[in-house]
């Protein structure tokens, strides 16, 4: 199964939530006597309600619907108009991170319970499958059994891990990991950090210390700070991301548990409201169930006409 197949499979519950209603809306809007006319108010209201129910968010739904209303039909189907507008939302966010100095340091951050530690293991496996040699850094030294859990994932992915005793200074573990990575040619360094809220001043200070150590050892590091969001919490995830952006320097999102929600439209809300790129999505519990996010495949998977 390809990455794209897994992404579409992960969207199954969201698609099931919207496909029948969207097909009904599109069918009415695309009737021959309506095809070349402006979108009517009934269609607009039904489309907006549908998008919001999928957790696309009020602001993004309003933008999409407004753009559809303003677009000349010119024979375009409603489905094509909606897909084009959602693609435009994703096109407005940043592209891939340019890494000028090696090794790349990737900080994985988020609140407890989002699937952060399992995401690190899956990400290591994905990166290794691409022919690179990642190194896992177990910098969550506070949560009970966090290191042991991460070691299990590292073993499954057959990736090296740098760890320390429980309660050790996380920044010191990061220093050791970067040093080891340089010596052994490991790249990138995947840093699992302790779950935290942006309001926990001591933990946010600890994260800033980790960032300083990484920058001292590798110019420009950490090149990526990936915030893991639980897709099942919907709009609350957007709020979490907004709070972390300034405090943690987040520049990318991992949307975990996409397969577990019928409101996978939250990906659109993240792109629209936060202008943050979604780098990866979790589509299952297996080690291979983290895939790169592709906006075109996401949109096609959400609005394709047939299962």
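We did not get these values from a lab; they are worked out from the coordinates using the rules stated. What you see is a predicted model, and the numbers here were worked out from it, not measured in a lab. Note: ideal-geometry Cβ built from the backbone for every residue, glycine included; neighbour counts use all protein chains shown.
Observations on the model:
- Bridge orientation summary for segment 225-307: considering DSSP beta bridges with both residues in this region, about 25 percent are antiparallel.
- Length added when fully stretched, residue 209-residue 148, from 0.36 nm per residue minus Cα-Cα: 19.6 nm
- Tilt relative to the chain, helix 78-91 - C-alpha long axis, 0 to 90 degrees, to 10: 30 degrees
- Folded to 0 to 90 degrees: helix 12-29 orientation relative to the chain principal axis, Cα: 20 degrees
- Hydrodynamic radius by Kirkwood, which averages 1/r over all alpha carbon pairs of segment 127-175, in angstrom: 11.3 Å
- Calculated translational diffusion coefficient of segment 1-135 (20 °C, 1.002 mPa s; Stokes-Einstein with Kirkwood radius over alpha-carbon pairs) equals 118 µm²/s.
- Additional length obtainable on full extension of the chain from residue 94 to residue 42, 0.36 nm per residue less Cα span: 15.2 nm
- Using just its DSSP H runs of length 4 or more, each adding -39500 (n - 2.57), the chain gives a mean residue ellipticity at 222 nm of -16000 deg cm²/dmol after division by all residues.
- C-alpha long axis of helix 235-248 to longest principal axis of the chain, angle in °: 40 degrees
- Intensity falloff of segment 213-298 expressed as log10 I(q)/I(0), Debye formula with alpha-carbon point scatterers, at q = 0.15, 0.24, 0.25 Å⁻¹: -0.56, -1.17, -1.24
- Given (i) 1.15; (ii) 1.04; (iii) 1.35, the label whose value is Rg/Rh (Cα atoms, Kirkwood Rh) derived from this model: (ii)
- The order of the peptides 189-197, 97-105, 57-65 by mean Cβ neighbours within 10 Å, most packed first, is 189-197, 57-65, 97-105.
- Cα point-scatterer Debye curve for segment 185-250, base-10 log of I(q)/I(0) at q = 0.16, 0.18, 0.21 Å⁻¹: -0.59, -0.73, -0.94
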